[in-house]
Amino acid sequence: MANLTRLHAHEMSRLLRAGEVTSRALTEAHLDAAERQNRALNAWLVIDRTNALVMADAADARIAEGRRAGAAALAALHPLCGVPVALKDLVSIEGGQATAGSKILKGYIAPFDSTVTARLREAGAVILGKTNMDEFAMGSSTEHSAYGPTSNPWALDRVPGGSSGGSAAAVAAYHTPLSIGTDTGGSIRQPASLCGIVGLKPTYGRVSRYGIVAFASSLDQIGPFARDVRDAALLLHAVSGRDERDATSAPMPVPAELLSLPAGDDEAAAYLKGRRIALPKEYFVEGMEPGVAARVREALAAMQAAGATVEEVSLPHTHYGLATYYIIAPAECSSNLARYDGVKYGYFDRSSGEYIADYLRTRGGGFGPEVKRRIMLGTYALSAGYYDAYYLKAQKVRTLIKQDFDAVWAAGFDAICAPTSPTVAFPMGARIEDPVAMYLSDACTLPVNMAGLPGVSIPAGLSDGLPAGLQIIGAPWSELSMLRLARAYEAITARAAWRDLEPAELKLTDDPTTPSPIERKERLRSAPAPGSGPRA
Amino acid sequence: MANLSRADVEHVAHLARLGLSEEELARLEGQLNHILDQYAVLATLDTEHIPPTAQTIELANILREDVVQPSLSVEAALSNAPERSGDHFVVPAILGGEGGA
């Protein structure tokens, strides 16, 4: 059989049921690739061969049992039965670590499964391990991990995006066909864009957050990474739906059609006929790279040629999104992260023996610079005398941002298309000392979180040899039609030359002399590459 | 709009229970003021009659029957405790020390 790591999840599913491959063989092939290349990528914090093989054998047994019991029993298995998946290291697995990329959770062992984990177990998916991330999901480059940065398989000196950079890099590097990330302001879509894969942030309330380390609770959502749209739909289906353990999960039905997006390109492309797509003029922000803007405009032209209409619209409060987000998210994080006190779990420093001093040392020593910065911002914005000027003001502007989107849906549009990230992957170190430059990475994604909408980033070609992403934004609960549109775009570009390209520097990661991301970062710090300085 | 002094930064750090070094306090003073300057754009919007949005999906209160269900065992809940005594977490004494008010 051809290289098992190049298969899509839906292909694995078919081969597993036909008895042409075992989950053990698929799992071993992916574990081998991850173990071999992780030194050069640092996409994984844990590669759990032992437990993955136990899950693979269990999946093989379920499939064999299904085959014995007949076609109906086999069809009743979830398509992800036997298929490998990776989890961002803030998703709880009973008995496993969940560091959230932070020193303060080093050594913590989750005593229970998250609902996402439990649903993946139920589906029979094989969990390979845990992926690297910006500490507490705060960041856009994965450089804020306490466990070292992750490299982008397209260019090892560049970031994979973030905060779910490890999950994105692992899928782009063929270490797993699927992974789970979380998205508070773009943390799934932006790394998907920078790594050239599909990443979906569902409607707020679609996926239970029980057992996921919290960042900003009015914004956080969990979603899939994959190398094609059909695979992303399969993983979304597996983890979605109401959960009694998360009161913010909504009692909305999960469409079964997510399991049967069209396989044929002609059938998929036909969906575009008569669709109305809105193009928000404000999303072509200042500082956007011309190559990225060009790819997005070409994508829209292709959809138009396939029968969709594209109309420019205005989302007039886009300009206020960044400031609004960077009040609301830090405010919520300062509240959520108050729980890390060194008493119940996690890092603690009791060296002074005095209550307040130890409390200060535990938090000061356990959190990294970006997390401290956001806790400070949030605490300030919520403090006496400033609440109205900052937090309440931001919540009111959030209403205006949401109303902008509501007007687009009221006007009858099927979707909004925009760039995902204003730039392709940037060099390590380029924005790390300039928080405002880093925050601009999410200018096109964070309004979607503030309005609670679903959004997906899909590959739209290359700019300067690096992936650029097209973002499709849908009305609340419209994941299915949003994915049909994404699948249609994939179909009309199926024969584009860039679709066949593998990440340009992936082969280098097989070479044991290739520097690790930490070594790269050190080298870039002492001799910055031209053009890698902070952007204005 | 923004003019956080060094004393303000120290005060906020104390509210947030973050022990910060001299170097961190100095760097944060500059960075926080720079970030707060970006917030100034919001003051240009008239939001007097706009209601705030705290969450985006219109879920009302979620109620359930008040019945006991299986939950985390005491052993599991204590499994990560830095220090335990029997079935309890050991917490630092908070009375009598400075800042106990």
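The values are calculated or read from the model by the stated rules, or taken from the named source; none is laboratory data. None of these values were measured; they are calculated from a predicted model. All Cβ positions, glycine included, derive from the backbone under ideal geometry; neighbour counts span all protein chains shown. Calculation scope for accessible area: heavy atoms of the full protein, side chains included, ligands and nucleic acids excluded. Shrake-Rupley method; radii C 1.70, N 1.55, O 1.52, S 1.80 Å.
Out of the residues in the range A:340-372 that are closer than 14 Å to B:A16 by Cα, open to solvent by 20 Å² or more (accessible area, probe 1.4 Å) and without any contact (Cβ under 8 Å) to a residue 12 or more places away in the chain, state the one that is farthest from the other protein chains (Cβ to nearest Cβ).
A:A357
So, of the residues in the range A:155-181 that are open to solvent by 10 Å² or more (accessible area, probe 1.4 Å) and not charged (D, E, K, R), which turns out to be farthest from A:R36 (Cα to Cα)?
If we take residues in the range A:155-181 being open to solvent by 10 Å² or more (accessible area, probe 1.4 Å) and not charged (D, E, K, R), then A:A155 is farthest from A:R36 (Cα to Cα).
Would you check which residues across the range A:108-143 are on the phi > 0 side of the Ramachandran plot and either out of contact with any helix residue (DSSP H, G or I) (no Cβ under 8 Å at 6 or more places or on another chain) or in a loop (DSSP other than H, G, I, E, B) (or both) and list them?
Across the range A:108-143, the qualifying residues are A:G124, A:A137, A:G139, A:T142.
Which residue pairs have Cβ atoms under 9 Å apart, sit 6 or more places apart or on different chains, and have a first residue in the range A:492-506 that is closer than 18 Å to A:W154 by Cα and a second that is open to solvent by 70 Å² or more (accessible area, probe 1.4 Å)?
A:E502/A:R6
I'd like the residue in the range A:101-128 that is within 15 Å of A:Y210 (Cα to Cα) and aliphatic (A, V, I, L, M) and, out of all such residues, is nearest to the other protein chains (Cβ to nearest Cβ).
A:A110
Might you let me know whether the range B:2-22 holds any residue that is hydrophobic (A, V, I, L, M, F, W, C), within 19 Å of A:I328 (Cβ to Cβ), within 7 Å of chain A (Cβ to nearest Cβ) and not in a helix (DSSP H, G or I)?
yes
Looking at B:A40, B:A54, B:A60, B:A13 in this structure, which one is of a type in the set (G, A, S) and open to solvent by less than 30 Å² (accessible area, probe 1.4 Å)?
Sole residue among the options that is of a type in the set (G, A, S) and open to solvent by less than 30 Å² (accessible area, probe 1.4 Å): B:A13.
Please go through the range A:65-88 and give me each residue that is part of a loop (DSSP other than H, G, I, E, B) and at pLDDT below 95, ordered by number.
Within the range A:65-88, just A:G70 meets the criteria.
Out of all the residues in the range A:1-57, which are among the hydroxyl-bearing types (S, T, Y), within 22 Å of A:A76 (Cα to Cα) and open to solvent by 60 Å² or more (accessible area, probe 1.4 Å)?
A:T22 - this is the single residue of the range A:1-57 that is among the hydroxyl-bearing types (S, T, Y), within 22 Å of A:A76 (Cα to Cα) and open to solvent by 60 Å² or more (accessible area, probe 1.4 Å).
Do we find that A:A394 is in contact with a Cys (Cβ under 9 Å, 6 or more places away or on another chain), open to solvent by less than 10 Å² (accessible area, probe 1.4 Å) and either modelled with pLDDT of 95 or more or more than 26 Å from A:T142 (Cβ to Cβ) (or both) in this structure?
no
Here is a list of conditions, (1) surrounded by 10 or more Cβ atoms within 10 Å (Cβ to Cβ); (2) within 9 Å of chain A (Cβ to nearest Cβ), and B:V74 meets all of them except one; can you say which number that is?
(2)
Among the residues of the range A:440-463, how many are modelled with pLDDT of 95 or more and closer than 15 Å to A:K201 by Cβ?
Here the count works out to 15.
Say we look at the range A:250-273 and pick out the residues that are small (G, A, S) and assigned to a loop (DSSP other than H, G, I, E, B); which of these is surrounded by the most Cβ atoms within 10 Å (Cβ to Cβ)?
Top of the filtered list is A:A250.
It is to be established whether one or more residues within the range A:412-420 are away from chain B (no Cβ under 11 Å), assigned to a loop (DSSP other than H, G, I, E, B), in contact (Cβ under 8 Å) with a residue 12 or more places away in the chain and under 21 Å from the mean Cα position of the chain (by Cα).
There is at least one residue in the range A:412-420 that is away from chain B (no Cβ under 11 Å), assigned to a loop (DSSP other than H, G, I, E, B), in contact (Cβ under 8 Å) with a residue 12 or more places away in the chain and under 21 Å from the mean Cα position of the chain (by Cα).
Scan the range A:68-116 residue by residue and report those that are more than 23 Å from A:A226 (Cβ to Cβ), polar (S, T, N, Q) and open to solvent by 10 Å² or more (accessible area, probe 1.4 Å).
Within the range A:68-116, just A:Q97 meets the criteria.
Taking the conditions exactly as written (at the interface with another protein chain (Cβ under 7 Å from one of its Cβ atoms), under 29 Å from A:G452 (Cα atoms) and not hydrophobic (A, V, I, L, M, F, W, C)), does B:T53 satisfy them or not?
It is true that B:T53 is at the interface with another protein chain (Cβ under 7 Å from one of its Cβ atoms), under 29 Å from A:G452 (Cα atoms) and not hydrophobic (A, V, I, L, M, F, W, C).
So for the range A:226-248 (the condition being of a type in the set (D, E, K, R), more than 20 Å from A:Y325 (Cα to Cα) and buried (at least 24 other Cβ atoms within 10 Å of the Cβ)), does at least one residue qualify?
There is at least one residue in the range A:226-248 that is of a type in the set (D, E, K, R), more than 20 Å from A:Y325 (Cα to Cα) and buried (at least 24 other Cβ atoms within 10 Å of the Cβ).
Does B:V41 satisfy the criteria of being within 9 Å of another protein chain (Cβ to nearest Cβ) and under 20 Å from A:A331 (Cβ atoms)?
Against the criterion (within 9 Å of another protein chain (Cβ to nearest Cβ) and under 20 Å from A:A331 (Cβ atoms)), B:V41 qualifies.
Of all residues being assigned to a helix (DSSP H, G or I) and among the β-branched types (V, I, T) in the range B:38-78, which is farthest from A:L446 (Cα to Cα)? Just the residue, please.
Among those that are assigned to a helix (DSSP H, G or I) and among the β-branched types (V, I, T), it is B:V74.
Given A:A468, A:A437, A:A425, A:A486, which one is crowded, with 21+ Cβ neighbours inside 10 Å and either assigned to a loop (DSSP other than H, G, I, E, B) or modelled with pLDDT under 95 (or both)?
A:A425 is the lone residue from the list that is crowded, with 21+ Cβ neighbours inside 10 Å and either assigned to a loop (DSSP other than H, G, I, E, B) or modelled with pLDDT under 95 (or both).
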